[in-house]
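Undergrad: Pasting in a structure now, in structure tokens, and then I'll have a few things to ask.
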Amino acid sequence: MFMKIAWDSTALDKPARAELRGWLLLALGALAVAGALALLLALSRAPGAQDWLPWGADFFHKGLVTHVVFSFQIWLLAMLGALTVLAAPLGMRGVGFVGLGLAVVGSALLLAPTLSGSGEASLNNYVPVLVHPLYYLGLGCLGAGVGLAAARTLLHRAAGVAGFAIQTMAVALLSALLCFVLAAMAIPAGTDIDHLNERLFWGGGHVLQVVNTMLLMLGWQVLALRALGQGALPPLTAKAAFAALALFALAAPLVYLRLDVLGLAHRQAFTQLLWYGLPLPPLVMGAGLAWQLVRHGIDWRSPAALALVLSLAVFALGGAAGFALGVADTRTPSHYHAVIGGVNLALMGLIHAVLLPLLRRGATKWVRAQFHLYGFGQLLHALGFYLAGLAGVARKTAGAEQGLDSAFKLVAMGAVGLGGAIAVLGGVLFVIQVLGRLLRREACHG
Amino acid sequence: MADTDRWGAMALLAATLVLLGAWPVWRMVETVPTDAYAQAPELFIQGAETYAAAHKIGERDGMPLVQPPPGSEIPVIARRFEFWPALELQAGQSYRIHVASTDTVHTVVVDGREYSLIPGQVRVVEVTPASKKTIVIQCGEYCGLGHNRMRGTVTIAESMH
């Protein structure tokens with residue numbers, strides 16, 4: 001039996017709305033926690049303030065790890081969890097709540113070592129960690145929770161592009177989780193802890209980028225339907241775009257069968273996986289979206305249209321920067337800040353234009369300001385990182401380590417700071433407004 | 001419209017299958033043959049220190065600045081979070097840099113090419129610097145909180161001191 005996703009407020013029964021609200025509270029709560037940690041990070045580097053923080057000066061790296069995990073992994077995975085509610089079989093609500101519970105417990109476990117100052121920070125790629133048993137347990141619970149919610153969508157045939165997209169995302173997520181498990185099994189005991197963390201999260205981390213791209217594309221397709229009356233791509237082509245990404249995600253675990261998990265070839269195989277597999281589907285859908293926007297014109301008052309235009313622009317900047325990257329390239333931060341910004345804008349649009357109305361929540365205040373501030377802020381932030389990288393400013397460094405010895409570098413890092421601050425303003429507005437709506441009782445349905 | 005959609009979907013899937021098939025090909029394209037041999041890290045450190053002392057011409061970034069004779073074999077230590085010592089090479093001359101990790105797994109990225117560095121194994125990388133001011137060598141494998149600082153700058157001199 002086919003189940004088509006309906007996007008009006010009568011589409012979901014009460015338990016489904018409760019679960020959707022739960023996932024959204026987790027997603028927005030994760031951003032709120034990440035924001036609070038960012039504030040503590042700034043204080044931990046401020047002379048004077050750092051002395052009265054209970055965690056001491058080494059909080060910077062630990063707080064940074066958890067800030068990244070909350071603002072990146074938990075936010076995006078919880079959004080995926082929220083979307084699975086829309087494509088879940090009717091009889092599988094219980095599984096969704098178990099998944100949500102696991103994800104919430106996992107998130108709490110991630111916060112505990114951070115706030116108690118336990119464990120050493122490891123700033124490895126994709127999923128940075130605190131080396132502490134509770135942290136790994138927390139990540140395991142989070143992965144299992146979202147994995148469970150995603151897996152249930154595969155137990156029936158959901159119709160429509162959105163249903164198909166959510167199911168292919170579920171497939172890609174399960175493939176990423178399998179990569180983490182295969183890596184954990186393959187890495188020999190006694191491996192240096194930094195090397196271990198890098199390789200434990202390398203393969204699955206790459207596949208999660210496929211999932212994030214699918215989140216972006218689902219946002220584009222659905223928002224275009226809302227704002228322009230037509231999807232970014234026609235239905236079959238859109239489904240093919242999602243299937244294309246899922247195929248590469250499914251192929252990823254094969255790397256563990258062929259190449260030594262600690263070897264250089266293993267690392268490069270996943271970099272190449274993204275080079276070969278990731279660009280084409282969003283490129284085709286982005287071109288389709290641009291064409292639809294030109295054809296229909298842009299209603300700048302519509303949050304969905306605003307989300308589409310800004311998401312497309314920011315993601316395109318990140319994509320173009322990605323094509324220019326080489327090995328250990330200092331311009332890498334411009335690429336990932338822009339592509340993540342593009343994904344975030346699409347998800348912000350989905351929340352405002354689709355998910356809050358599904359939960360019978362009214363529109364928030366200053367919606368357009370949220371998009372303008374976050375979107376243009378991220379553009380400036382990423383552009384600054386590109387110029388700084390071009391001048392050779394090292395990644396993930398601060399203060400004297402950055403070696404800002406020229407006016408060009410100073411201006412570039414100034415743009416990074418200014419753009420970041422503007423984007424943070426938009427992000428704070430978004431989180432406060434949407435959390436406020438989610439915490440209110442739902443409106444009576446007329 | 002429906003036909004265009006069907007053809008679009010088929011073209012996208014066909015292109016994906018071609019790309020999926022081409023994905024493993026990167027290994028043939030990217031594989032760069034380099035010499036490698038085994039040596040205990042302690043012995044390698046000893047050799048590198050002796051070499052640096054013999055060819056030191058000054059200090060840079062808190063480490064000896066070494067100017068090896070053209071065509072020579074140069075030992076360089078890779079360790080958290082530095083490439084030791086600093087080098088000054090002559091433009092147009094060929095050198096063989098013997099680089100080895102003495103603590104954990106690193107890689108060395110030279111001119112966009114990456115070579116793995118496993119403790120106990122020495123990698124030999126040939127360089128012939130062109131007439132430009134510097135070559136940046138850096139670690140491409142996460143090796144700890146200071147990983148992004150693990151960069152070495154090789155200056156290129158037009159003529160010998």
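Undergrad: So for chain B: antiparallel DSSP bridges make up what percent, rounded to the nearest 5?
TA: In chain B, approximately 70 percent of DSSP beta bridges are antiparallel ones.
Undergrad: Still on this model: Within straight cross-link reach of residue A:62, meaning Cα distance under 14 Å, which aspartates and glutamates are found once same-chain residues fewer than 8 apart are removed?
TA: A:120
Undergrad: Across the residues of A:185-197, average count of Cβ atoms on other protein chains within 10 Å?
TA: 2
Undergrad: Starting from the 7 Å offset along Cα-to-Cβ, what nm value, one decimal, do you get for the label separation of residue A:257 and residue B:22?
TA: 2.4 nm
Undergrad: Looking at region B:52-126 only, what percent of DSSP beta bridges run antiparallel? Nearest 5 please.
TA: 70 percent
Undergrad: Continuing with this model, one more query. Could you work out how far the C-alpha centroid of region A:94-141 sits from that of region B:39-104, in angstrom?
TA: Spelled out, the Cα-based centre of one part sits 42 Å from the other.
Undergrad: Here's something else I'd like to know. Cut-off is 10 Å between beta-carbons; in what order do A:411, A:284 appear when sorted fewest neighbours first?
TA: A:411, A:284
Undergrad: If we count other beta carbons within 10 Å of each Cβ, what is the order of B:114, A:19, A:120, fewest first?
TA: Starting with the residue having the fewest Cβ neighbours, the order is A:120, B:114, A:19.
Undergrad: In nm, to one decimal, how far is the residue A:157 label point from the residue B:126 one, both placed 7 Å along Cα→Cβ?
TA: For residue A:157 paired with residue B:126, the spin-label model returns 6.1 nm.
Undergrad: For the protein assembly as shown, what does the helix formula give at 222 nm: sum of -39500 (n - 2.57) over DSSP H segments with n ≥ 4, over the residue count, nearest 500 deg cm²/dmol?
TA: Rounded to the nearest 500, the figure is -20000 deg cm²/dmol.
Undergrad: Same structure, new question: Counting pairs of alpha carbon atoms under 8 Å apart in space and at least six apart in sequence, what relative contact order in percent does region B:33-157 give?
TA: Relative contact order, region B:33-157: 26 percent.
Undergrad: Between residue A:271 and residue A:440, what is the spin-label point distance in nm, taking each point 7 Å from the Cα along the Cα→C-beta axis?
TA: Rounded to a tenth, the inter-label distance reads 5.0 nm.
Undergrad: Based on the Cβ-Cβ distance of residue A:55 and residue A:410, what FRET efficiency does E = 1/(1 + (r/R0)^6) give at R0 = 22 Å, to the nearest 0.05?
TA: 0.10
Undergrad: Do you know the relative contact order of region A:298-446, to the nearest whole percent, from alpha carbon pairs under 8 angstrom that are 6+ apart?
TA: Rounded, it is 28 percent for region A:298-446.
Undergrad: So how do A:419-428, B:88-97 stack up, highest first, on mean other-Cβ count within 10 Å?
TA: Put in order of decreasing packing, that is A:419-428, B:88-97.
Undergrad: Please give me, ordered by residue number, the chymotrypsin sites (Phe, Trp or Tyr not before Pro) of region A:293-358 that lie in loop per DSSP and have at most 13 other Cβ atoms within 10 Å.
TA: A:300
Undergrad: May I ask you to derive the relative contact order of chain A, considering only C-alpha pairs under 8 Å and at least 6 residues apart, and to give it as an integer percent?
TA: Relative contact order for chain A comes out at 14 percent.
Undergrad: Of the beta bridges DSSP finds with both residues in the protein assembly as shown, what % are antiparallel, to the nearest 5?
TA: 70 percent
Undergrad: How big, in percent, is the set of alpha carbon pairs in region B:33-157 lying more than 16 Å apart?
TA: For region B:33-157, the fraction of Cα-Cα distances above 16 Å is 58 percent.
Read-outs throughout are calculated quantities, based only on the coordinates presented, and are distinct from any laboratory measurement. Remember, predicted model here, so these are calculated numbers, not experimental data. Neighbour counts run over all protein chains shown; Cβ positions are idealised from the backbone, glycine included.
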